[in-house]
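The values are calculated or read from the model by the stated rules, or taken from the named source; none is laboratory data. From a predicted model like this one, the values you see are computed outputs, not experimental measurements. Glycine gets a Cβ as well: all are built from the backbone with ideal geometry, and neighbour counts include every protein chain shown.
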Amino acid sequence: MKGSLSLKLYLLVSGSIFFLVGVLHLLRLVYRWPIVLGTYPVPYVLSFIGFPVATGYAIWAFFLCRK
């Protein structure tokens, strides 16, 4: 029982974090927020890739949590 509870908690926390990352990617695309790491501007195409990947992981984690 304890292992099942800790697994569900892990899935909820990781799914929530992935969902938040996905929302931030979407907001970056909608509002055209620039991201600069040092002197390197991060291209928007990374958010086009990151949004569905992060959202997919969140959906997968929530799906596994319901099982």
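Take the residues in region 1-12 that are of a type in the set (A, V, I, L, M) and surrounded by 12 or more Cβ atoms within 10 Å (Cβ to Cβ); name whichever of them is farthest from the chain's Cα centre (by Cα). Lay out the reasoning, then the answer.
Narrowing region 1-12 to residues of a type in the set (A, V, I, L, M): 1, 5, 7, 9, 11-12.
Now restrict to residues that are surrounded by 12 or more Cβ atoms within 10 Å (Cβ to Cβ): 7, 11-12.
On the way: 7: 19, 11: 13, 12: 12 Å.
The qualifying residue farthest from the chain's Cα centre (by Cα) is 7.
Which one is surrounded by the fewest Cβ atoms within 10 Å (Cβ to Cβ), of the residues in region 43-54 that are touching a Leu at 6+ places or on another chain (Cβ under 8 Å) and part of a helix (DSSP H, G or I)?
Top of the filtered list is 48.
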Among 22, 15, the single one that is in contact with a Gly (Cβ under 9 Å, 6 or more places away or on another chain) and either surrounded by 14 or more Cβ atoms within 10 Å (Cβ to Cβ) or in contact (Cβ under 8 Å) with a residue 12 or more places away in the chain (or both) is 22
Among the residues of region 27-42, is any small (Gly, Ala, Ser), crowded, with 16+ Cβ neighbours inside 10 Å and at pLDDT 95 or above? no
